[in-house]
Amino acid sequence: MSKRAFITGITGQDGSYLAEFLLGKGYDVYGLVRRTSNNPMIRFKEPGKLEKIKIIYGNMRDSASIERALEISKPDEIYNLAAQSDVGISFQCPEEASEVNYYGVGRLVNEAMRVCPQARIYQASTSEMFGRTNPPQNEGSLFQPVSPYGRAKLKAHEDYVTGYRNKHGLFICSGILFNHESPRRGEHFVTRKITISLAKIKHGLQERFQLGNLDAKRDWGFAKDYVEAMWRMLQEDKPDDFVIATGEMHTVREFAEEAAKFFGMDIEWGGGGLEEKGIDRKTKKVVIEVNPAHLRPNEVDFLQGDSSKAERVFGWKHKTAFKDLVRLMAEHDLEHVKREKLL
Ligand code: NAP
Ligand code: GDD
């Protein structure tokens, strides 16, 4: 009989890749979908996969809907990916971060303990929980979050992952994932914002775009590599927590330079602070400006993960290098903008 997986956040970047991955492994896949004004399933790209997903309407803010979804799906494995996942926005809407990213996890695990206590649970934790801790960060590093998003995720990790594992013997794992990107990444996140903006410039649809902190360093991997790690964690004999990362760190500035090369631009930086500009040496035109509106009240300066535990325990290692990730996103957006004639 096929295994059954229940995914919250199935409409997001990771949810869409994970659902396709699990369908490929023969799972029956159920997904919690909240009502939105536009087509929520827009990210599903692999032919023949979307029709196989069983959609259950619900919301992480609504225990009754979670209970119903678990009763319908009767899952062997639960992947909790639903979140208000934008760190910058969490400063503006802190209650939503806490409601969905902390209380929502509590609703899910408490309902799971009643309805399907044997189910194994994956919780989408995050490198943002390390906050101010110096890199490289691993499972033993100090958590010092600086954002409402990071604090809510850390509280969920402590109360419902390590807490419920110790208190109730629940099979629950935290995947402490570092930034991972793809052509399906939301357009507000910096990598996708850069590739889509440069593609629009290339097609003559805009002249320049604006970023915030150019010096932030992140460990960027490819989302498709990372969803496999989520699944691998749940196949182990014992529940545990794992850092998933590439081990490489780059600045936002470097990501922009690398992406610009793909579009035939050669960025040099002039000015400093809020006056800094990225100028294409070839055309002498300003392509990137700094806008203080994109700076955060508190910033995580460096993230660089050490995922040697995941490699040792279940043989996971990232497959996609930084330059290949940038290229595949840029390639996608060059075509995407042309096709959609986005403005
Ligand atoms: P994403 O693309 O923003 O997807 C978030 C998902 O959560 C969407 O499906 C969204 O549904 C759903 N959601 C939000 N609020 C909800 C609610 N109240 N009820 C039900 N569903 C709700 O995020 P992602 O990049 O795939 O990330 C997946 C998870 O991993 C998140 O928990 C994120 O915090 C965590 N994470 C991500 C990264 C990364 O670099 N991508 C790194 C570490 C951890 P709608 O489509 O309706 O908005
Ligand atoms: N979004 C955004 N927009 N970020 C910018 C911009 C901009 O215009 N300019 C500079 N940045 C900087 C941010 O300040 C941050 O330091 C870095 O680029 C990355 O920002 P995001 O792409 O928004 O990602 P994030 O690191 O804050 O959060 C992502 O990764 C976390 C894991 O570390 C999200 O996917 C989270 O959900 C995830 O947990």
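Each value in this text was obtained by applying a stated rule to the coordinates, not by laboratory testing. Since the model is a prediction, treat every value here as computed from it, not as a measurement. Because the Cβ atoms are built from the backbone with ideal geometry, glycine has one as well, and the counts that use them run over all protein chains shown.
Observations on the structure shown:
- Placing +1 on the Cβ of every Lys and Arg and -1 on the Cβ of every Asp and Glu, with no other charges, gives segment 43-105 a dipole of roughly 340 debye about its Cα centre.
- Surrounding net charge for residue 220, when Lys and Arg each add one and Asp and Glu each subtract one, Cβ distance under 12 Å: -2
- Taking amide H as placed 1.01 Å from N in the peptide plane, residue 180 has its amide H under 5 Å from the amide H of 221, each at least 5 places away in sequence or on another chain.
- Over the chain: helical MRE at 222 nm, DSSP H runs n ≥ 4 each giving -39500 (n - 2.57), nearest 500: -10500 deg cm²/dmol
- The charge dipole of segment 75-128, taken about its Cα centre with unit charges on the Cβ atoms of Lys, Arg (+1), Asp and Glu (-1) only, comes to about 240 debye.
- Sequence-distant lysines (8 or more away, or on other chains) whose Cα lies within less than 21 Å of residue 284: 200, 202, 261
- Residues of type lysines that residue 153 reaches as a straight line, Cα spacing below 23 Å, ignoring anything fewer than 8 places off in the same chain: 167, 217, 224, 238, 309
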